[in-house]
Amino acid sequence: MKKDQSTVRIRHASHAALVMTMTALVCLPSRAQTLEEVVISVSRSEQRSFDAPAAIQSVDRDTIQDAGPQVNLSESLTRVPGLTILNRQNYAQDLQVSIRGFGARSAFGIRGIRLLIDGIPATTPDGQGQASSISLPSTERIEVMRGPLALMYGNSAGGVIQAFTREAPAEPEVGLQYYTGSYGMHRSDWQYAGRVGELGLVADYSTFDTNGYRGNSTTERKQFNGKLSFGPSEKTRVNLVFNQFDMPLAQDPLGLTATQLAQDATQAGTNATSRRTRKITEQNQLGASLTHELDSGRSLTARLYYGTRDNLQFLATNNWVGLARDYYGAGLQYNQQTRIGGKPVAWVAGYEFDHSRERRQSGGATSGEKTGAITRNEDNQAESSDLFVQATALVAERWSMTGGLRQSTIRIVSDDYFLSNGDGSGNVSYQATNPVLGLTWHARDNLNLYANYGRGFETPTLVEVAYSSTGNPSFNPAINASNSQHYELGAKWVPSAASRVDFTLYQVNTTDEIVVAASSGGSTYYKNAPGTSRTGWELAGRTLLNPNWRATLSASAIDAHFSEAFVSSGSTVMAGNKIPGIPQYFAFAELLWAQQAMDDAKRKSRLGLQAGVELVSAGRIYVNDTNLDTVAGAGTQAEGYTTFNLKASHGWAVGKGLLMAYGRLDNVTDQRYVGSVIVNQSSSQFYEPAAGRNWTVGLRLTLPL
């Protein structure tokens, strides 16, 4: 039997990744100490990343700043294995984010992945979120957790992305940044951070605009992020966080057919220019969290938040869709470290409630302006109520066990006020009690081996229950929540103080996967597929070759396919077909040189010259469930690619301050490739081409006051 070329490529990528890592790990002794990296997401309290019995990576502030102008998560998170962030070159639809294949089918925004900022949800109860909610210039670090333990965050089968705003420094400072680059890109940022007694303040305001790589891609964005921290008492800490995101214009270039892609990758899709496809968005969110230490081993954490989001989008179908959402939530969490039967136990229990309500309207449009009567008018609500408990115990000298349980209730309601088109009102509830169980063998002081199991679920979003059939905007309660069984084996190894390797194998079996049943004229009707399977591995490695050279590698491969046949859009999806939107493999590698000696956990000094080269490689991506393009007759998938990026920076002391200059040249070889795909696009406009060779330069000035 002839082997699938994608399988061969995955195997080759696997061998190459393993060889590169083992070669890189021949390293020299160093002062660096990777074990001090701290994460919170696994146990909801601070612990060393090495000790966390889960696949989790943390990207620090220096990495975020060095990766680009700090506009997109795709700049810095490409170095996290198992996480795929495809930059669509389309700010009207946000980034396409998936973890272990979950979230890949999303036509816009993030779904199926839990997104949090300073512990406050940026994901609505039905599983939708926007990556643009994270203000990168003021972010201290970003944690990404995959696998069974992520299921303890509820309706998010794929994983958790959690961002943390920086803490105010003891000495007040101001920061200014400015970047410019290809396609008319301009990025500015102003930031104040300081502390007066117990009161700490971080205030950040940024702007971004670009003409875009493709036609009809002009975008303007403004964002403010503020964090106020104070301690009413020695044992109590309060954080107030406010974020405002204003995008008055984001033109939508749409996708291209295979024929259009071959003709001119920079063109806008069909009718994008003539019908002025675009999006206008404004979002405001205020959140508060309070942590109180009851004593040395017990603490309480409470959170409360409220937000609004207004969204207006003009489509290529000569229609507009408007959304006015308000959302709020609260949570209470109890942490305790104790001993049971003489064995140390750390456990956490809590309750979370989240609610969102949105008024959804639509109507006709001509040349990108509203015309005619409203054709849709309804209130949609999603609400979640969850209880959870999780504990980790040292059951023997070198064995620890982790167990957890989360009980979730999700309710989705639609009240239709457009009665002339039939009453599309309805409601549906989903309930699940999901366990996780893990075992870790602390084989040596520098080697941990772990195995995890978890059961998860993923409800349909409000968008996915919006149509009972193609073109009929009425509530569809017939979609079941998908259920998944997650199995994971992992290893964390620190061969020296200067090196670390994380490796994970996983298997995910899902029933009732939510898929497209039919799509036409901008309307999509969803259904359940009987079953899917995801099998893959993830590898992360880094090492200091010597005090001035550092090597980083992240690689992953996945076989994601439908395990049973079903019918979609009138066509049979065969068992064994690849799940669309998921690269067969993904790899990131970096070789970095610095004039000043580096500490692998954190740079001690930013002075002097630094330069590096990056490699980004991705495998084939299928575009639809049938793995066939019946309209174009060809171009059934986006082929894989490998690109190289060059970067350099230099730091100068300015009194007690710091001036940094940055420069990047991305896609050095000017390779033409598809950066992402629009899954199951009804007119075969699947392809979103990536930019060719492009450059960015920037300056950052930080001055103490």
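Numbers below:
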quantity	calculated
Point-to-point label distance, residue 293-residue 330, nm (Cα→Cβ direction, 7 Å offset)	2.7
Helical mean residue ellipticity (222 nm; -39500 (n - 2.57) per DSSP H run of 4+; nearest 500) of the chain	-1500 deg cm²/dmol
Pairwise centroid distance, computed over Cα atoms, of the range 212-268 with the range 55-71, Å	17
Over the range 322-370: Rg over Rh, Cα atoms, Kirkwood Rh	1.51
Cβ-based net charge around residue 433, under 9 Å, with every Lys or Arg adding one and every Asp or Glu removing one	+2
Normalised convex hull volume, the range 322-423, alpha-carbon set, Å³ per residue	140
Value of relative contact order over the range 84-226, rounded to a whole percent, pairs C-alpha under 8 Å and six or more apart	17
Neighbour-count order for 264, 66, 60, fewest beta carbons within 10 angstrom listed first	264, 60, 66
Residue-count net charge about residue 159 - beta-carbon cut-off 13 Å; Lys, Arg +1, Asp, Glu -1	+1
Radius, Kirkwood style, for the chain when every pair of distinct Cα atoms is counted (Å)	26.0
Cα-projected label distance for residue 240 with residue 703, points at 7 Å along beta-carbon direction, nm	2.9
Summed side-chain charge close to residue 414 - residues other than residue 414 whose Cβ falls under 13 Å, Lys, Arg +1, Asp, Glu -1	-4
Length-normalised contact order for the range 5-704 - Cα pairs under 8 Å, 6+ apart - percent	13
In order through the range 481-486: 3J(HN,Hα) via Karplus (6.51 cos²θ - 1.76 cosθ + 1.60), integer Hz, x for Gly, Pro	6, 7, 10, 9, 10, 10
Residue order, fewest to most surrounding Cβ atoms within 10 angstrom, among 139, 371	371, 139
GluC sites (Glu not before Pro) restricted to the range 32-136 and DSSP loop, no more than 15 other C-beta within 10 Å	46
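No lab work stands behind these numbers, since they all come straight from the coordinates. Computed from a prediction, not measured in an experiment: that's the story for all the values here. Using ideal geometry, Cβ is built from the backbone for each residue, glycine included, and neighbour counts are taken over all protein chains shown.
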